[in-house]
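The values are calculated or read from the model by the stated rules, or taken from the named source; none is laboratory data. This structure is a prediction, so every number in the text was calculated from the model and none was measured. Neighbour counts run over all protein chains shown; Cβ positions are idealised from the backbone, glycine included.
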Ligand SMILES: Cc1cc2nc3c(=O)[nH]c(=O)nc-3n(C[C@H](O)[C@H](O)[C@H](O)COP(=O)(O)O)c2cc1C
């Protein structure tokens, strides 16, 4: 009987030892690792959020894609086909905003449309206004610069009203707009400038274009929102008459 009690005592102690060892394992490095894995997951999740931010940033960068879209969509030979309307929408757009507004105006007015495509397309680096050495900074700093136009020369015969659209760069019209207006005779035509921007108004750009064109009846233009509705456009157009 005493022997049985001893065996039972040894068995109970062995069980206790085993149980204690098992509990102690919760502090072993593997389990710490497992906790730190959890921590890592949280950290990864944070990283992943910051990756998402990076993704967002890079998709922002992809906003420059329309620059290359320009390249693909706007080869000179693909420009305007005349439909017999007396209204034309001419535009330059580096990243697609002015283009979409120009297309809406053309839709509302039934106008033909003509894109001013630069001889040398603007890259993302060219458009970097934070860089004092970027192409656009140099161009906007020097009012005499006239970037070349690759689009076919346009015949203005038959057009009496011409909308002229562009983005605001450093508060003014991109210099390529001056190249455009200096290459045509707008006599007898009503010229309507419009622009898109990050917030700046049309400023002196309409007057600059009028002066550089030296011909045409230039009326006061407007800054239009990127998401302007057709109704708003119609109201604006009616207000011009
Ligand atoms: C070089 C550069 C200069 C700009 N300067 C101005 C500015 O002075 N004021 C403003 O509101 N937006 C400015 N913007 C923003 C553009 O006017 C705006 O994004 C415009 O809608 C772009 O039109 P797009 O997509 O047709 O090129 C500038 C953009 C660039 C690339």
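Results, tabulated for the structure shown:
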item: Output for region 180-202, where each listed residue is more than 16 Å from the ligand (Cβ to nearest atom) and not in a strand (DSSP E or B); result: 181, 182, 183, 184, 185, 186, 187, 188, 189
item: One residue from 208, 217 being within 15 Å of the ligand (Cβ to nearest atom), modelled with pLDDT of 95 or more and surrounded by fewer than 22 Cβ atoms within 10 Å (Cβ to Cβ); result: 208
item: Selection count where residues are surrounded by fewer than 17 Cβ atoms within 10 Å (Cβ to Cβ) and within 15 Å of residue 109 (Cα to Cα), scope region 220-235; result: 6
item: Pair list, Cβ under 6 Å, 6 or more apart: region 118-137 residue within 23 Å of residue 90 (Cα to Cα), other residue more than 9 Å from the ligand (Cβ to nearest atom) and assigned to a loop (DSSP other than H, G, I, E, B); result: 118/147; 119/148; 119/150
item: Every residue from region 100-117 that is more than 20 Å from residue 156 (Cβ to Cβ) and either buried (at least 23 other Cβ atoms within 10 Å of the Cβ) or modelled with pLDDT under 95 (or both); result: 101
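Residues are listed down the side, and each one gets a yes or a no for (1) surrounded by fewer than 17 Cβ atoms within 10 Å (Cβ to Cβ); (2) within 16 Å of the ligand (Cβ to nearest atom); (3) under 30 Å from residue 83 (Cα atoms):
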{"residue": "130", "(1), (2), (3)": "yes, yes, no"}
{"residue": "136", "(1), (2), (3)": "no, yes, no"}
{"residue": "148", "(1), (2), (3)": "yes, no, yes"}
{"residue": "160", "(1), (2), (3)": "yes, no, yes"}
{"residue": "178", "(1), (2), (3)": "no, yes, yes"}
